[in-house]
Amino acid sequence: MKKKNSLYAYLMSSPAMLVITVLSIFPLLFIIWYSMTDYYYLSRAKPAFIGLQNYKKLFADPYFRQALGNTLRFTALAVFFEVLLGLMVSVLVKSVKQGQKLMRTLTLLPTLLPPVTVALVWQIMLSNNFGLINNLLGVFGFAPVNWLLDVNTAFYAILVIDIWQYTPFAFLLLYAAMQGIPEGQYEAAAMDGASKWAQFRFVTVPNISRNIVMVMLLRVIDTFRLFDKVNILTKGGPANTTATITQYIYHNGVNMFKVGYGSAASVVMTLIILVLAYGYIRQSFNARKRALKG
Amino acid sequence: MKKTLALLLVLILTLSMTAMASAEPVKLVIAARGGSHVDVINAVKADFEKENNCTIEVLGLENTDLKQKMALDSRNAKGAYDIVMLDDPWMPEVTEAGLLLNLTQAGYADDADFVKTSLALGKAPYGTGDTFALPFAGNVTLLFYNEAVLSAAGAQVPDSWQGVLDIAKAVNGKDGKIGYVIRGQQGNPIVGDFLPVLWAYGGDIFDADWNVLVDSAEAKAALNLYIELLANGKNFEKNDIVSSVANGTAAMSLGWPSWYIVGGASTAGYAKIPGKAAPDSVEYPSGVIGNWLMGIPANTQNTELAIKLLTYLTSAATQKAAASVGAVPTRVSVFTDAELSQKYPFYATLLAATEQSVERPRTPKWGDIENVFGIELSNAITGIKTVDQALADAKVAIENAIK
Amino acid sequence: MRETLVSRGTRKLLVAVFMVWTMFPVYWMLSLAIRGGGELFGALNLLPRSFSLEHFADLFNTKAFDVAIGNSLQVTLISLLLALLFGMSCAYVLARARFRFKMKGAMLFWVLLLRILPPIAFALPLYILMSDAGLLSTKIPLILSHLLINIPFIIWFMITFFEALPIEVEESAAVDGATEHQLFTRIVIPQVLPGLTAVSILAFMTSWNEYLYAAIFVQSPSQFTIPLALSTLNSEQELTQWGNIAAGGVLSLVPIALFVLFAQNFLIVGLSGGAVKE
């Protein structure tokens with residue numbers, strides 16, 4: 001039985017593993033190798049091996065460090081608020097008990113829109129002249145705010161757009177998780193005299209803690225890649241406050257054809273995400289190892 | 001068995017021969033900048049297709065994608081494109097890499113009808129070398145102003161930047177009006193918006209020996225004026241700039257003609273960009289020239305036909321016909337054509353401005369330079385760094401970029 | 001038994017506020033798409049003052065949007081089907097403890113790693129690979145690259161779904177003489193249908209909106225996908241064509257929205273199933 005199991009397992013898993021490995025092994029080796037060369041795509045000379053020089057140059061570049069800092073800060077804030085708001089809305093919606101199906105479908109729409117469209121629709125909403133938001137401020141007697149060009153607001157404007165787009169995603173996942181919590185636990189807690197807040201702290205949260213972590217990880221991986229909104233709306237400014245790592249890689253590696261340098265930046269980016277995701281990876285790895293033995 | 005095989009063989013041979021024998025029209029592929037340029041090419045290609053029994057396919061891509069495509073395809077032995085469009089600042093890096101066919105060596109003789117500054121862009125080295133690309137779409141930055149606002153302030157169209165500032169000061173804040181609008185978005189926008197001021201003050205990014213001059217006294221004076229303009233105005237992005245100037249909320253701004261001029265009518269007044277700092281200063285050429293050029297990839301598979309098509313697309317007749325679909329010419333004869341000048345009165349100003357324009361520095365590293373210069377300029381106008389600090393950092397960054 | 005923190009009415013209000021906040025820009029996009037061109041300059045009112053389908057017409061007549069929609073559908077559906085087929089099979093054997101084989105641990109790590117790697121780093125090497133293989137004039141590079149994006153995601157996501165299924169059902173079926181494959185197709189898959197639906201929607205969306213690989217592999221306008229067609233509407237030397245962009249966004253949204261609408265019954269149950277504790 002065991003032998004047949006093995007064969008079946010290999011048969012079932014090989015198409016997927018074959019496809020993704022064949023497609024990714026060359027690029028992975030390519031990036032790692034070329035990150036240590038001076039590969040300039042338009043050059044007729046063969047790329048020369050230069051060791052870790054690209055990496056040194058990266059960290060010596062104040063604009064890269066700034067992009068790195070921006071990306072980390074943005075990711076931390078965006079994920080925090082998306083999960084927090086998602087959680088709050090889930091609790092709210094669960095307690096209201098009406099129109100939930102409709103809400104679940106409609107709230108998915110922002111996440112489904114193409115990034116270019118999201119950026120441009122928000123651009124027109126934040127515009128100084130046709131912008132609804134500034135018009136609204138005007139109605140209440142406030143002066144218009146130059147959302148995307150003011151150094152104090154641009155970063156937060158992009159943050160708000162991102163939170164707008166992905167809070168529903170967190171809401172859907174967490175709400176669904178909450179629906180899996182048996183009512184009995186709430187009833188038991190209520191009978192023990194627990195307030196709604198205590199019920200939330202001691203029944204809801206522990207049950208969905210795994211989901212919260214999963215949502216956070218998913219969002220961290222994806223938010224770290226922030227590019228389209230920034231590229232279209234602010235081009236990294238003002239004063240480089242909205243520059244991100246992917247934008248840096250795109251400019252150097254794609255626009256300027258510095259493939260070696262761009263690869264080094266990609267490697268750094270991957271390592272950073274690996275570090276950020278380390279906790280989750282180890283935890284799920286161990287969980288599976290236990291399952292394997294079980 | 002043998003008989004079937006023989007029959008099959010004959011069948012295959014016949015089929016393949018008919019396939020080869022049929023006169024398949026040659027397909028020419030143009031890699032172009034998506035948007036109006038694609039519309040222009042599609043509007044004029046029919047005659048050429050008929051005359052030369054070919055089909056022309058136009059691939060319209062966004063800026064960076066187009067550049068990337070050109071570079072990637074250049075590596076292939078058999079090129080997929082027969083004509084490529086390129087933004088003029090790309091010329092140095094593209095020609096350094098040998099991506100384009102040397103038109104002069106292929107027998108093309110320069111046509112003096114092209115505006116000199118436009119034709120110079122297509123040569124490598126700039127202005128003096130062989131021709132590698134021809135100017136397809138003309139463009140140069142101009143000063144745009146709202147006539148009503150200016151006349152209400154009793155002002156004439158300024159010919160110096162001090163004059164611009166004076167009008168801005170007079171207009172700003174009164175009746176909710178904006179004196180001057182800068183295009184201060186980091187990167188290509190702010191660099192393009194600032195360069196005319198820099199040049200008018202006698203400054204530049206590089207000198208003839210490629211020493212970096214961005215921290216010179218002239219540059220500091222120019223940047224200080226630019227910041228003063230912002231103090232008497234606003235910082236908007238492209239769409240807001242146009243709507244402000246067009247509907248009279250703002251007095252003046254710099255811009256590309258294609259933003260304001262659709263068909264023959266312009267939504268704002270336009271003039272050559274002032275080339276002097278003060279009314280009695282030396283006058284320098286100050287408009288930024290930005291042409292879309294067309295070249296032939298070195299690895300094209302249809303050299304003869306591609307050259308023919310290139311000549312056709314940039315010919316006077318084609319440019320004249322394309323004017324009605326929004327194309328901006330690059331030939332003197334088309335600019336001065338009587339019939340067109342009547343329909344498009346802005347041609348005269350555009351021609352004069354183009355002849356007096358300045359090209360951005362011709363270096364393969366322009367993308368990097370524009371990037372870092374844009375960051376530091378943004379630092380300066382937002383007050384994050386002082387003018388001196390920003391320009392000093394810009395100098396270091398630009399020197400690093402061209403190393 | 002303390003009173004709830006917030007009254008029921010306030011809670012409903014808060015939920016309504018969230019819905020308006022979330023849906024408003026989508027409404028705005030829709031309203032821009034149907035306004036006449038003239039109305040799009042200057043101050044915009046909350047409700048459209050005009051109604052016009054000119055932007056949609058323009059997209060189809062001059063921007064070949066129909067070609068783009070066709071290509072997007074083709075690439076997304078083909079890659080989605082393959083990704084689901086391969087991904088589900090692989091996820092199943094990785095999830096179930098009874099399948100022991102040497103490569104399991106390595107496979108799990110590899111799948112996680114691929115989920116984390118940024119696609120931008122892969123674009124150029126994949127281009128070189130496809131170019132050398134002579135595949136650039138086909139849709140194959142794009143389909144393959146979408147498989148590369150979606151398969152790790154599907155495996156990773158579906159493993160949790162499979163793990164959540166009680167093993168007893170399969171064990172009793174096995175006792176009744178079912179083969180491995182019958183277990184998979186007749187017993188397991190029907191139970192994870194909700195999860196399968198959820199992951200299909202997310203994978204569909206990823207593939208549908210994918211731009212990076214589409215841009216690098218495209219060779220001819222006949223290969224354009226929707227994101228590529230949308231990208232050319234925003235040009236530096238021209239004013240932004242708001243109407244067309246909004247119309248493009250609406251057209252892009254329709255297929256996914258339809259898909260979601262039909263699947264909504266399965267979606268939430270599915271997402272909850274996958275989120276259950278390990």
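The values are calculated or read from the model by the stated rules, or taken from the named source; none is laboratory data. Keep in mind the model is a prediction, meaning the values are calculated, not measured. Positions of Cβ are backbone-derived with ideal geometry, glycine not excepted, and every protein chain shown enters the neighbour counts.
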Inset, instruction - Answer yes or no: is there a residue in segment A:228-236 that is more than 9 Å from every other protein chain (Cβ to nearest Cβ), within 30 Å of A:Val93 (Cβ to Cβ) and acidic (Asp, Glu). - result: no
Inset, instruction - Only one of these is buried (at least 22 other Cβ atoms within 10 Å of the Cβ), touching a strand residue (DSSP E or B) at 6+ places or on another chain (Cβ under 9 Å) and at pLDDT 90 or above: A:Leu126, A:Leu149, A:Leu113, A:Leu120. Name it. - result: A:Leu149
Legend entry - Filter result for B:Gln105 (assigned to a loop (DSSP other than H, G, I, E, B) and assigned by TED's automatic domain parsing to the domain that holds B:Glu283): no
Inset, instruction - Would you check if there is a residue in segment A:165-181 being farther than 29 Å from A:Met103 by Cβ, surrounded by 17 or more Cβ atoms within 10 Å (Cβ to Cβ) and either touching a residue at least 12 places away in the same chain (Cβ under 8 Å) or within 27 Å of the chain's Cα centre (by Cα) (or both)? - result: no
Inset, instruction - Can you give me the number of residues within segment A:247-260 that are among the hydroxyl-bearing types (Ser, Thr, Tyr) and buried (at least 24 other Cβ atoms within 10 Å of the Cβ)? - result: 1
Inset, instruction - Give me the pairs, please: first residue somewhere in segment B:41-61 and on the phi > 0 side of the Ramachandran plot, second residue anywhere and among the β-branched types (Val, Ile, Thr), beta-carbon distance under 9 Å, and either six or more positions apart or on two chains. - result: B:Asn53/B:Val26
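Among the residues of segment B:270-292, write down those that are among the aliphatic types (A, V, I, L, M) and within 14 Å of chain C (Cβ to nearest Cβ). Can you show your working first?
Residues of segment B:270-292 that are among the aliphatic types (A, V, I, L, M), as a first pass: B:271, B:273, B:277-278, B:282, B:288-289.
Result: B:Val288, B:Ile289.
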Legend entry - Flag if B:Tyr126 is in contact with a strand residue (DSSP E or B) (Cβ under 8 Å, 6 or more places away or on another chain), among the aromatic types (Phe, Trp, Tyr) and closer than 20 Å to B:Pro196 by Cβ: no
Legend entry - segment A:173-184, subset out of contact with any Ser or Thr (no Cβ under 9 Å at 6 or more places or on another chain) and outside any loop (DSSP other than H, G, I, E, B), residue farthest from A:Arg219 (Cα to Cα): A:Gly184
Inset, instruction - Have a look at B:Tyr126, B:Tyr145 and point out the one that is of a type in the set (Ser, Thr, Tyr), closer than 15 Å to B:Val245 by Cβ and under 27 Å from the mean Cα position of the chain (by Cα). - result: B:Tyr145
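Does B:Ile296 satisfy being at pLDDT 95 or above and surrounded by fewer than 20 Cβ atoms within 10 Å (Cβ to Cβ)? Can you show your working first?
Numbers: at pLDDT 95 or above: yes; surrounded by fewer than 20 Cβ atoms within 10 Å (Cβ to Cβ): no.
Considered against the rule, which asks whether it is at pLDDT 95 or above and surrounded by fewer than 20 Cβ atoms within 10 Å (Cβ to Cβ), B:Ile296 comes out as no.
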Inset, instruction - Would you tally the residues in segment A:14-47 being more than 14 Å from chain B (Cβ to nearest Cβ) and over 29 Å from the mean Cα position of the chain (by Cα)? - result: 2
Legend entry - Odd one out for B:Ala265, checked against (1) more than 14 Å from chain C (Cβ to nearest Cβ); (2) without any contact (Cβ under 8 Å) to a residue 24 or more places away in the chain: (1)
Inset, instruction - Evaluate segment C:11-25: report whether one residue or more is surrounded by fewer than 18 Cβ atoms within 10 Å (Cβ to Cβ) and of a type in the set (Ser, Thr, Tyr). - result: no
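Rundown of residues vs (1) within 14 Å of another protein chain (Cβ to nearest Cβ); (2) hydroxyl-bearing (Ser, Thr, Tyr); (3) surrounded by fewer than 19 Cβ atoms within 10 Å (Cβ to Cβ); (4) at negative phi, yes/no style:
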position	(1), (2), (3), (4)
B:Gly367	yes, no, no, yes
B:Leu377	yes, no, no, yes
B:Gly383	yes, no, yes, no
B:Thr386	yes, yes, yes, yes
B:Asn400	yes, no, yes, yes
Inset, instruction - Return yes when B:Thr131 is touching a Leu at 6+ places or on another chain (Cβ under 6 Å), of a type outside the set (A, V, I, L, M, F, W, C) and without any contact (Cβ under 8 Å) to a residue 60 or more places away in the chain and no when it is not. - result: yes
Inset, instruction - State all residues of segment B:25-64 that are more than 9 Å from chain C (Cβ to nearest Cβ), buried (at least 17 other Cβ atoms within 10 Å of the Cβ) and of a type in the set (Val, Ile, Thr); if no residue qualifies, say none. - result: B:Ile30, B:Val40, B:Ile41, B:Val44, B:Ile56
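Taking into account only those residues within segment B:213-245 that are part of a strand (DSSP E or B) and over 24 Å from the mean Cα position of the chain (by Cα), which is nearest to the other protein chains (Cβ to nearest Cβ)?
Within segment B:213-245, the first condition is being part of a strand (DSSP E or B), and the residues that meet it are B:233-235.
Filter again for over 24 Å from the mean Cα position of the chain (by Cα), leaving B:233-234.
Numbers: B:Gly233: 12, B:Lys234: 7 Å.
Per the criteria, the residue is B:Lys234.
Restricting attention to segment A:109-122, does a residue exist that is away from chain C (no Cβ under 13 Å) and in contact with a helix residue (DSSP H, G or I) (Cβ under 9 Å, 6 or more places away or on another chain)?
Filtering segment A:109-122 down to residues away from chain C (no Cβ under 13 Å) leaves none.
No, because not a single residue in segment A:109-122 is away from chain C (no Cβ under 13 Å) and in contact with a helix residue (DSSP H, G or I) (Cβ under 9 Å, 6 or more places away or on another chain).
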Inset, instruction - Among the residues of segment A:6-61, write down those that are without any contact (Cβ under 8 Å) to a residue 60 or more places away in the chain and of a type in the set (Val, Ile, Thr). - result: A:Val19, A:Ile20, A:Thr21, A:Val22, A:Ile25
Inset, instruction - Select from segment C:52-82 the residues that are more than 14 Å from every other protein chain (Cβ to nearest Cβ) and in contact with a Gly (Cβ under 7 Å, 6 or more places away or on another chain) and list them in ascending order. - result: C:Ser52, C:Glu54
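What about A:Ala194, is it over 24 Å from A:Ile32 (Cα atoms), at pLDDT below 85 and either hydroxyl-bearing (Ser, Thr, Tyr) or not in a helix (DSSP H, G or I) (or both)?
Numbers: over 24 Å from A:Ile32 (Cα atoms): yes; at pLDDT below 85: yes; either hydroxyl-bearing (Ser, Thr, Tyr) or not in a helix (DSSP H, G or I) (or both): yes.
In short, yes.
Tally time: how many residues in segment C:211-224 are outside any helix (DSSP H, G or I), closer than 13 Å to C:His146 by Cα and touching a residue at least 40 places away in the same chain (Cβ under 8 Å)?
First, the residues of segment C:211-224 that are outside any helix (DSSP H, G or I): C:211, C:218-220, C:224.
Checking the rest, the ones that are also closer than 13 Å to C:His146 by Cα come to C:211.
Then drop every residue that is not touching a residue at least 40 places away in the same chain (Cβ under 8 Å), which leaves none.
Matching residues across segment C:211-224 total 0.
Answer yes or no as to whether B:Ile178 is of a type in the set (A, V, I, L, M, F, W, C), out of contact with any Phe, Trp or Tyr (no Cβ under 8 Å at 6 or more places or on another chain) and closer than 29 Å to A:Thr234 by Cβ. Write out each step before concluding.
On the way: of a type in the set (A, V, I, L, M, F, W, C): yes; out of contact with any Phe, Trp or Tyr (no Cβ under 8 Å at 6 or more places or on another chain): yes; closer than 29 Å to A:Thr234 by Cβ: yes.
So B:Ile178 passes the test.
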Inset, instruction - Those residues that are more than 23 Å from the chain's Cα centre (by Cα) and β-branched (Val, Ile, Thr), I need them from segment A:92-130; list them, please. - result: A:Val93, A:Val96, A:Ile124
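Test of understanding: among B:Val328, B:Val282, B:Val288, which residue is under 25 Å from B:Gly192 (Cα atoms) and surrounded by fewer than 18 Cβ atoms within 10 Å (Cβ to Cβ)?
On the way: B:Val328 fails: surrounded by fewer than 18 Cβ atoms within 10 Å (Cβ to Cβ); B:Val288 fails: surrounded by fewer than 18 Cβ atoms within 10 Å (Cβ to Cβ).
Of B:Val328, B:Val282, B:Val288, the one residue that is under 25 Å from B:Gly192 (Cα atoms) and surrounded by fewer than 18 Cβ atoms within 10 Å (Cβ to Cβ) is B:Val282.
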